Amino acid sequence: MNLAPDALRFALAGMLALTVAMGIGRFAFTPMLPMMQADAGLTVAQGGWLASANYLGYLVGALTALALRAQPAQVIRGGLLAIALLTAGMGLGEQFALWMGLRFAAGVASAWVLVFVSAACLERLAAMGRPALGGLLFSGVGAGMAIAGLVCLAAMQSGLRSDTTWLLLGAAAALQSLLPWAGFAPVPHASAAGMVPARAAPMRWDRNAILLVAAYGLYGFGYIIPATFVPAMARQIVSDPAVFGWSWPLFGAAAGVSTLIAAALIRVFGNRRVWLACTLLLAFGVAAPAAQPGMAAIMISALCVGATFVVITLTAMQEARRTAGEGARALMVALTASFAAGQIIGPLTVSGLAVSGEGDASAGLQGPLWLAAGLLLTSAAMLALPAQRAAARG
(Lines give C-alpha, C1' and ligand atoms only; values in the text may rest on other atoms or scores of the structure.)
Protein backbone atom coordinates (compact mmCIF):
# COMPACT_ATOMS: atom_id res chain seq x y z
CA MET A 1 0.00 0.00 0.00
CA ASN A 2 1.32 3.42 -0.91
CA LEU A 3 1.22 5.39 2.34
CA ALA A 4 2.14 9.01 2.96
CA PRO A 5 5.13 9.33 5.31
CA ASP A 6 3.27 11.85 7.45
CA ALA A 7 1.53 9.94 10.26
CA LEU A 8 -0.92 12.76 10.89
CA ARG A 9 -1.96 12.90 7.26
CA PHE A 10 -2.40 9.14 7.20
CA ALA A 11 -4.53 9.24 10.36
CA LEU A 12 -6.65 11.99 8.81
CA ALA A 13 -7.16 9.88 5.68
CA GLY A 14 -8.36 7.01 7.84
CA MET A 15 -10.54 9.33 9.91
CA LEU A 16 -12.27 10.66 6.79
CA ALA A 17 -12.79 7.12 5.53
CA LEU A 18 -14.60 6.34 8.78
CA THR A 19 -16.71 9.51 8.50
CA VAL A 20 -18.02 8.06 5.24
CA ALA A 21 -18.30 4.43 6.35
CA MET A 22 -19.94 5.05 9.72
CA GLY A 23 -21.33 8.59 9.68
CA ILE A 24 -23.05 8.13 6.31
CA GLY A 25 -22.95 4.44 5.35
CA ARG A 26 -24.31 3.27 8.70
CA PHE A 27 -25.88 6.16 10.56
CA ALA A 28 -27.12 8.76 8.04
CA PHE A 29 -30.53 7.10 8.18
CA THR A 30 -31.03 8.29 11.78
CA PRO A 31 -31.23 12.06 11.02
CA MET A 32 -33.01 11.24 7.75
CA LEU A 33 -35.84 9.33 9.48
CA PRO A 34 -37.85 12.42 10.56
CA MET A 35 -37.62 13.82 7.03
CA MET A 36 -38.75 10.52 5.50
CA GLN A 37 -41.63 10.38 7.97
CA ALA A 38 -42.69 13.88 6.95
CA ASP A 39 -42.54 13.67 3.15
CA ALA A 40 -42.40 9.94 2.31
CA GLY A 41 -44.92 8.72 4.89
CA LEU A 42 -42.46 6.35 6.58
CA THR A 43 -43.77 4.85 9.83
CA VAL A 44 -41.80 4.09 12.98
CA ALA A 45 -42.21 0.36 12.27
CA GLN A 46 -40.85 0.76 8.74
CA GLY A 47 -37.97 2.82 10.12
CA GLY A 48 -37.10 -0.07 12.42
CA TRP A 49 -37.04 -2.49 9.50
CA LEU A 50 -34.78 -0.21 7.43
CA ALA A 51 -32.41 0.24 10.36
CA SER A 52 -32.22 -3.51 10.95
CA ALA A 53 -31.54 -4.14 7.25
CA ASN A 54 -28.49 -1.89 7.49
CA TYR A 55 -27.29 -3.53 10.70
CA LEU A 56 -27.77 -7.00 9.19
CA GLY A 57 -25.62 -5.85 6.27
CA TYR A 58 -23.01 -4.67 8.77
CA LEU A 59 -22.98 -8.11 10.38
CA VAL A 60 -22.55 -9.82 7.00
CA GLY A 61 -19.79 -7.38 6.07
CA ALA A 62 -17.93 -7.82 9.35
CA LEU A 63 -18.06 -11.62 9.17
CA THR A 64 -16.97 -11.77 5.51
CA ALA A 65 -14.29 -9.08 5.59
CA LEU A 66 -11.43 -11.42 6.45
CA ALA A 67 -12.39 -13.75 3.60
CA LEU A 68 -11.93 -11.06 0.94
CA ARG A 69 -8.92 -11.94 -1.22
CA ALA A 70 -8.03 -8.40 -2.24
CA GLN A 71 -5.61 -5.70 -1.25
CA PRO A 72 -6.88 -3.54 1.64
CA ALA A 73 -6.65 -0.43 -0.54
CA GLN A 74 -8.90 -2.03 -3.15
CA VAL A 75 -11.50 -2.94 -0.54
CA ILE A 76 -11.38 0.53 1.04
CA ARG A 77 -11.72 2.33 -2.29
CA GLY A 78 -14.46 0.01 -3.48
CA GLY A 79 -16.33 0.35 -0.20
CA LEU A 80 -16.18 4.15 -0.22
CA LEU A 81 -17.42 4.29 -3.81
CA ALA A 82 -20.23 1.87 -3.02
CA ILE A 83 -21.34 3.89 0.02
CA ALA A 84 -21.53 7.11 -2.03
CA LEU A 85 -23.56 5.43 -4.79
CA LEU A 86 -25.85 3.47 -2.45
CA THR A 87 -26.55 6.57 -0.36
CA ALA A 88 -27.44 8.62 -3.43
CA GLY A 89 -29.59 5.72 -4.62
CA MET A 90 -31.90 6.22 -1.63
CA GLY A 91 -33.04 9.45 -3.28
CA LEU A 92 -33.91 7.89 -6.64
CA GLY A 93 -37.13 6.12 -5.66
CA GLU A 94 -39.65 5.56 -2.87
CA GLN A 95 -40.05 1.78 -3.07
CA PHE A 96 -39.64 0.26 0.40
CA ALA A 97 -38.07 -2.94 -0.97
CA LEU A 98 -35.49 -0.84 -2.83
CA TRP A 99 -34.66 1.06 0.34
CA MET A 100 -34.23 -2.21 2.25
CA GLY A 101 -31.77 -3.50 -0.34
CA LEU A 102 -29.80 -0.26 -0.48
CA ARG A 103 -29.49 0.01 3.30
CA PHE A 104 -28.42 -3.64 3.56
CA ALA A 105 -25.72 -3.17 0.90
CA ALA A 106 -24.52 0.06 2.54
CA GLY A 107 -24.14 -1.85 5.81
CA VAL A 108 -21.95 -4.47 4.12
CA ALA A 109 -19.75 -1.80 2.51
CA SER A 110 -19.42 0.21 5.72
CA ALA A 111 -18.24 -2.87 7.64
CA TRP A 112 -15.63 -3.68 5.00
CA VAL A 113 -14.25 -0.13 5.11
CA LEU A 114 -14.22 -0.10 8.91
CA VAL A 115 -12.38 -3.42 9.20
CA PHE A 116 -9.74 -2.68 6.58
CA VAL A 117 -9.17 0.97 7.54
CA SER A 118 -8.84 0.05 11.22
CA ALA A 119 -6.37 -2.75 10.55
CA ALA A 120 -4.27 -0.78 8.06
CA CYS A 121 -4.16 2.44 10.06
CA LEU A 122 -3.54 1.01 13.52
CA GLU A 123 -0.74 -1.23 12.25
CA ARG A 124 0.88 1.56 10.23
CA LEU A 125 0.59 4.19 12.99
CA ALA A 126 2.18 1.77 15.46
CA ALA A 127 5.04 1.15 13.01
CA MET A 128 5.50 4.92 12.65
CA GLY A 129 5.68 5.32 16.43
CA ARG A 130 2.39 7.26 16.59
CA PRO A 131 -0.16 4.82 18.06
CA ALA A 132 -1.86 7.65 19.99
CA LEU A 133 -3.21 8.93 16.68
CA GLY A 134 -5.62 6.00 16.79
CA GLY A 135 -7.91 8.26 18.82
CA LEU A 136 -7.96 10.75 15.95
CA LEU A 137 -8.69 7.89 13.56
CA PHE A 138 -11.79 6.71 15.44
CA SER A 139 -13.04 10.24 16.04
CA GLY A 140 -14.11 9.99 12.41
CA VAL A 141 -17.13 7.95 13.52
CA GLY A 142 -18.54 10.83 15.55
CA ALA A 143 -17.41 13.44 13.05
CA GLY A 144 -19.27 11.62 10.30
CA MET A 145 -22.43 11.54 12.38
CA ALA A 146 -22.15 15.25 13.10
CA ILE A 147 -21.60 16.05 9.41
CA ALA A 148 -24.59 13.95 8.34
CA GLY A 149 -26.71 15.61 11.01
CA LEU A 150 -25.68 19.10 9.91
CA VAL A 151 -26.43 18.28 6.26
CA CYS A 152 -29.92 17.13 7.28
CA LEU A 153 -30.41 20.17 9.51
CA ALA A 154 -29.48 22.54 6.68
CA ALA A 155 -31.71 20.63 4.27
CA MET A 156 -34.72 20.80 6.58
CA GLN A 157 -34.25 24.51 7.20
CA SER A 158 -34.00 25.04 3.43
CA GLY A 159 -37.22 23.12 2.82
CA LEU A 160 -35.57 20.28 0.87
CA ARG A 161 -37.24 16.90 0.60
CA SER A 162 -35.68 13.69 1.87
CA ASP A 163 -34.93 12.39 -1.64
CA THR A 164 -32.87 15.49 -2.44
CA THR A 165 -31.10 15.23 0.91
CA TRP A 166 -30.10 11.61 0.21
CA LEU A 167 -28.49 12.85 -3.01
CA LEU A 168 -26.64 15.54 -1.03
CA LEU A 169 -25.39 12.94 1.44
CA GLY A 170 -24.16 10.80 -1.44
CA ALA A 171 -22.27 13.81 -2.80
CA ALA A 172 -20.86 14.51 0.68
CA ALA A 173 -19.66 10.91 0.91
CA ALA A 174 -17.92 11.24 -2.45
CA LEU A 175 -16.19 14.49 -1.45
CA GLN A 176 -15.05 13.10 1.90
CA SER A 177 -13.61 10.08 0.10
CA LEU A 178 -11.09 12.11 -1.92
CA LEU A 179 -8.30 12.16 0.70
CA PRO A 180 -8.76 8.49 1.70
CA TRP A 181 -8.79 7.58 -2.00
CA ALA A 182 -5.37 9.21 -2.41
CA GLY A 183 -4.04 7.92 0.92
CA PHE A 184 -4.89 4.29 0.25
CA ALA A 185 -3.45 3.22 -3.11
CA PRO A 186 -3.03 -0.40 -4.28
CA VAL A 187 0.47 -1.82 -4.56
CA PRO A 188 1.18 -2.85 -8.18
CA HIS A 189 1.51 -6.62 -8.73
CA ALA A 190 0.91 -7.36 -5.04
CA SER A 191 -0.27 -10.85 -4.19
CA ALA A 192 -3.84 -10.92 -3.00
CA ALA A 193 -3.09 -14.05 -1.01
CA GLY A 194 -0.59 -12.09 1.01
CA MET A 195 -3.33 -9.74 2.08
CA VAL A 196 -5.37 -12.49 3.77
CA PRO A 197 -4.58 -12.81 7.50
CA ALA A 198 -3.25 -16.09 8.81
CA ARG A 199 -5.64 -18.54 10.41
CA ALA A 200 -6.73 -17.34 13.82
CA ALA A 201 -5.27 -19.04 16.88
CA PRO A 202 -7.68 -21.27 18.83
CA MET A 203 -9.75 -19.56 21.50
CA ARG A 204 -10.33 -20.96 24.99
CA TRP A 205 -13.98 -20.26 25.81
CA ASP A 206 -13.90 -19.78 29.56
CA ARG A 207 -16.58 -18.13 31.70
CA ASN A 208 -15.04 -14.68 31.40
CA ALA A 209 -15.00 -14.78 27.59
CA ILE A 210 -18.65 -15.85 27.49
CA LEU A 211 -19.58 -13.00 29.84
CA LEU A 212 -17.79 -10.49 27.61
CA VAL A 213 -19.68 -11.73 24.54
CA ALA A 214 -23.02 -11.61 26.36
CA ALA A 215 -22.35 -8.15 27.82
CA TYR A 216 -21.39 -6.79 24.42
CA GLY A 217 -24.51 -8.23 22.79
CA LEU A 218 -26.74 -6.56 25.40
CA TYR A 219 -24.89 -3.31 24.73
CA GLY A 220 -25.72 -3.66 21.03
CA PHE A 221 -29.43 -3.84 21.85
CA GLY A 222 -29.22 -1.05 24.42
CA TYR A 223 -27.49 1.66 22.43
CA ILE A 224 -29.10 1.12 19.04
CA ILE A 225 -32.63 2.27 19.93
CA PRO A 226 -31.65 5.87 20.77
CA ALA A 227 -28.97 5.74 18.07
CA THR A 228 -31.75 5.05 15.55
CA PHE A 229 -34.68 7.07 16.88
CA VAL A 230 -33.32 10.11 18.80
CA PRO A 231 -34.17 12.67 16.07
CA ALA A 232 -37.57 11.05 15.49
CA MET A 233 -38.36 11.34 19.22
CA ALA A 234 -37.20 14.96 19.22
CA ARG A 235 -39.42 15.78 16.23
CA GLN A 236 -42.48 14.49 18.09
CA ILE A 237 -41.85 17.03 20.85
CA VAL A 238 -40.71 20.05 18.85
CA SER A 239 -41.53 20.02 15.14
CA ASP A 240 -39.20 22.91 14.33
CA PRO A 241 -36.12 21.42 12.57
CA ALA A 242 -34.03 24.29 13.91
CA VAL A 243 -34.56 22.69 17.34
CA PHE A 244 -34.95 18.92 16.92
CA GLY A 245 -32.41 18.86 14.08
CA TRP A 246 -29.57 19.53 16.51
CA SER A 247 -30.04 16.24 18.38
CA TRP A 248 -27.95 14.20 15.92
CA PRO A 249 -25.05 16.66 15.44
CA LEU A 250 -24.86 16.79 19.25
CA PHE A 251 -24.78 12.98 19.36
CA GLY A 252 -21.96 12.88 16.80
CA ALA A 253 -19.94 15.65 18.45
CA ALA A 254 -20.09 13.82 21.79
CA ALA A 255 -18.90 10.63 20.08
CA GLY A 256 -15.98 12.41 18.40
CA VAL A 257 -14.76 14.21 21.53
CA SER A 258 -15.10 11.16 23.78
CA THR A 259 -12.90 9.11 21.46
CA LEU A 260 -10.12 11.67 21.70
CA ILE A 261 -10.01 11.49 25.52
CA ALA A 262 -10.69 7.74 25.86
CA ALA A 263 -7.02 6.74 25.66
CA ALA A 264 -6.15 8.77 28.76
CA LEU A 265 -9.02 7.24 30.74
CA ILE A 266 -8.05 3.72 29.70
CA ARG A 267 -4.43 4.28 30.78
CA VAL A 268 -5.60 5.29 34.26
CA PHE A 269 -8.55 2.96 34.89
CA GLY A 270 -8.12 0.07 32.45
CA ASN A 271 -10.40 -1.24 29.71
CA ARG A 272 -12.95 -3.07 31.82
CA ARG A 273 -13.57 -0.24 34.30
CA VAL A 274 -13.99 2.32 31.51
CA TRP A 275 -16.32 -0.09 29.68
CA LEU A 276 -18.35 -0.60 32.87
CA ALA A 277 -18.59 3.12 33.65
CA CYS A 278 -19.61 3.93 30.08
CA THR A 279 -22.29 1.23 30.19
CA LEU A 280 -23.81 2.76 33.34
CA LEU A 281 -23.77 6.24 31.78
CA LEU A 282 -25.29 4.79 28.62
CA ALA A 283 -28.10 3.16 30.63
CA PHE A 284 -28.87 6.52 32.22
CA GLY A 285 -28.95 8.21 28.83
CA VAL A 286 -31.23 5.54 27.36
CA ALA A 287 -33.67 5.74 30.29
CA ALA A 288 -33.79 9.56 30.42
CA PRO A 289 -36.36 10.17 27.63
CA ALA A 290 -38.49 7.28 28.89
CA ALA A 291 -38.53 8.57 32.47
CA GLN A 292 -39.10 12.23 31.62
CA PRO A 293 -40.21 12.75 28.01
CA GLY A 294 -39.10 16.15 26.77
CA MET A 295 -36.49 17.89 24.69
CA ALA A 296 -34.06 18.27 27.61
CA ALA A 297 -34.13 14.52 28.28
CA ILE A 298 -33.60 13.75 24.59
CA MET A 299 -30.57 16.05 24.43
CA ILE A 300 -29.20 14.43 27.60
CA SER A 301 -29.72 11.07 25.93
CA ALA A 302 -27.90 12.24 22.79
CA LEU A 303 -24.94 13.38 24.90
CA CYS A 304 -24.76 10.25 27.07
CA VAL A 305 -25.22 7.74 24.27
CA GLY A 306 -22.97 9.63 21.87
CA ALA A 307 -20.21 9.99 24.45
CA THR A 308 -20.13 6.29 25.32
CA PHE A 309 -20.93 4.05 22.38
CA VAL A 310 -17.64 4.38 20.45
CA VAL A 311 -15.60 4.21 23.66
CA ILE A 312 -17.36 0.97 24.62
CA THR A 313 -16.44 -0.51 21.26
CA LEU A 314 -12.79 0.50 21.70
CA THR A 315 -12.53 -0.85 25.24
CA ALA A 316 -14.31 -4.09 24.32
CA MET A 317 -11.91 -4.85 21.48
CA GLN A 318 -8.87 -3.98 23.59
CA GLU A 319 -10.19 -6.10 26.46
CA ALA A 320 -10.66 -8.99 24.03
CA ARG A 321 -7.05 -8.67 22.93
CA ARG A 322 -5.85 -8.53 26.55
CA THR A 323 -8.03 -11.46 27.63
CA ALA A 324 -7.59 -13.85 24.72
CA GLY A 325 -4.03 -13.14 23.59
CA GLU A 326 -3.34 -15.03 20.36
CA GLY A 327 -6.97 -16.15 20.24
CA ALA A 328 -8.20 -12.55 20.24
CA ARG A 329 -9.42 -12.63 16.65
CA ALA A 330 -11.90 -15.42 17.40
CA LEU A 331 -13.16 -13.53 20.45
CA MET A 332 -13.45 -10.30 18.43
CA VAL A 333 -15.51 -12.08 15.79
CA ALA A 334 -17.80 -13.45 18.51
CA LEU A 335 -18.11 -9.99 20.06
CA THR A 336 -18.95 -8.49 16.67
CA ALA A 337 -21.58 -11.13 15.95
CA SER A 338 -23.17 -10.74 19.39
CA PHE A 339 -23.17 -6.95 19.09
CA ALA A 340 -24.66 -7.08 15.59
CA ALA A 341 -27.39 -9.45 16.72
CA GLY A 342 -28.31 -7.06 19.52
CA GLN A 343 -28.49 -4.04 17.27
CA ILE A 344 -30.57 -5.95 14.70
CA ILE A 345 -33.07 -7.11 17.35
CA GLY A 346 -33.37 -3.62 18.88
CA PRO A 347 -35.09 -1.84 15.95
CA LEU A 348 -37.14 -4.97 15.21
CA THR A 349 -38.44 -4.82 18.78
CA VAL A 350 -39.52 -1.24 18.16
CA SER A 351 -41.16 -2.28 14.88
CA GLY A 352 -43.04 -5.06 16.64
CA LEU A 353 -44.34 -2.74 19.35
CA ALA A 354 -45.01 0.30 17.17
CA VAL A 355 -48.54 1.16 16.14
CA SER A 356 -49.16 0.90 12.40
CA GLY A 357 -49.57 4.13 10.50
CA GLU A 358 -48.53 7.39 12.06
CA GLY A 359 -46.85 6.04 15.16
CA ASP A 360 -45.88 8.40 17.98
CA ALA A 361 -42.14 7.84 18.19
CA SER A 362 -41.91 9.31 21.68
CA ALA A 363 -44.70 7.26 23.30
CA GLY A 364 -44.10 4.14 21.22
CA LEU A 365 -40.46 3.94 22.27
CA GLN A 366 -40.93 4.18 26.03
CA GLY A 367 -41.27 0.43 26.52
CA PRO A 368 -38.26 -0.47 24.34
CA LEU A 369 -36.18 2.25 26.03
CA TRP A 370 -36.91 0.87 29.50
CA LEU A 371 -36.10 -2.63 28.26
CA ALA A 372 -32.85 -1.38 26.74
CA ALA A 373 -31.85 0.39 29.97
CA GLY A 374 -32.52 -2.78 31.96
CA LEU A 375 -30.43 -4.89 29.61
CA LEU A 376 -27.60 -2.37 29.85
CA LEU A 377 -27.64 -2.65 33.64
CA THR A 378 -27.45 -6.42 33.21
CA SER A 379 -24.48 -5.91 30.89
CA ALA A 380 -22.80 -3.75 33.53
CA ALA A 381 -23.36 -6.44 36.16
CA MET A 382 -21.70 -9.01 33.89
CA LEU A 383 -18.68 -6.74 33.53
CA ALA A 384 -18.46 -6.09 37.27
CA LEU A 385 -18.72 -9.75 38.32
CA PRO A 386 -15.32 -11.00 37.06
CA ALA A 387 -13.60 -7.84 38.32
CA GLN A 388 -15.12 -8.27 41.79
CA ARG A 389 -14.04 -11.91 41.99
CA ALA A 390 -10.55 -11.04 40.80
CA ALA A 391 -10.33 -8.38 43.50
CA ALA A 392 -11.50 -10.89 46.12
CA ARG A 393 -8.79 -13.34 45.08
CA GLY A 394 -6.11 -10.66 45.13
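Take Ala51 and decide whether it is in the same structural domain as Trp166 (by TED's automatic domain parsing) and crowded, with 24+ Cβ neighbours inside 10 Å.
yes
Tell me whether the range 67-82 contains one or more residues that are modelled with pLDDT under 90, of a type in the set (S, T, N, Q) and under 23 Å from Ala337 (Cα atoms).
Among the residues of the range 67-82, not one is modelled with pLDDT under 90, of a type in the set (S, T, N, Q) and under 23 Å from Ala337 (Cα atoms), which makes the answer no.
Please return the ranges of helices (runs of 4 or more DSSP H) entirely within the range 229-300 where 3 or more residues are closer than 30 Å to Leu385 by Cα and in contact with a Phe, Trp or Tyr (Cβ under 8 Å, 6 or more places away or on another chain).
The qualifying helices (runs of 4 or more DSSP H) are 271-291.
Give the number of residues within the range 106-122 that are without any contact (Cβ under 8 Å) to a residue 60 or more places away in the chain and either assigned by TED's automatic domain parsing to the domain that holds Met317 or over 16 Å from Leu68 (Cα atoms) (or both).
Residues meeting the conditions: 1.
Taking the stated definitions as given, is Ala287 buried (at least 19 other Cβ atoms within 10 Å of the Cβ), in the same structural domain as Phe221 (by TED's automatic domain parsing), over 19 Å from the mean Cα position of the chain (by Cα) and modelled with pLDDT of 90 or more?
Taking the combined requirement at face value, the residue satisfies it.
Filter the range 140-181 down to the residues that are outside any helix (DSSP H, G or I), polar (S, T, N, Q) and touching a residue at least 12 places away in the same chain (Cβ under 8 Å) and list them by number.
The answer is Ser177, and nothing else.
Quick test for you: out of Leu86, Leu122, Leu80, pick the one residue that is within 14 Å of Met15 (Cα to Cα) and surrounded by 20 or more Cβ atoms within 10 Å (Cβ to Cβ).
The conditions single out Leu80.
Name the single residue that is nearest to Ser379 (Cα to Cα) among those in the range 235-257 being surrounded by 24 or more Cβ atoms within 10 Å (Cβ to Cβ) and modelled with pLDDT of 85 or more.
Ala255
Can you name the residue in the range 292-312 that is touching a residue at least 24 places away in the same chain (Cβ under 8 Å) and β-branched (Val, Ile, Thr) and is also nearest to Ala373 (Cα to Cα) among such residues?
Val305
Is at least one residue of the range 292-299 surrounded by 23 or more Cβ atoms within 10 Å (Cβ to Cβ), assigned by TED's automatic domain parsing to the domain that holds Leu375 and under 17 Å from the mean Cα position of the chain (by Cα)?
No, that holds for no residue.
If a residue must be surrounded by fewer than 19 Cβ atoms within 10 Å (Cβ to Cβ) and either basic (Lys, Arg) or more than 19 Å from Val115 (Cβ to Cβ) (or both), how many such residues does the range 304-322 contain?
The number of residues fulfilling the criteria is 2.
The values are calculated or read from the model by the stated rules, or taken from the named source; none is laboratory data. For clarity, every value in this text was computed on a predicted model and none was experimentally measured. All Cβ positions, glycine included, derive from the backbone under ideal geometry; neighbour counts span all protein chains shown.
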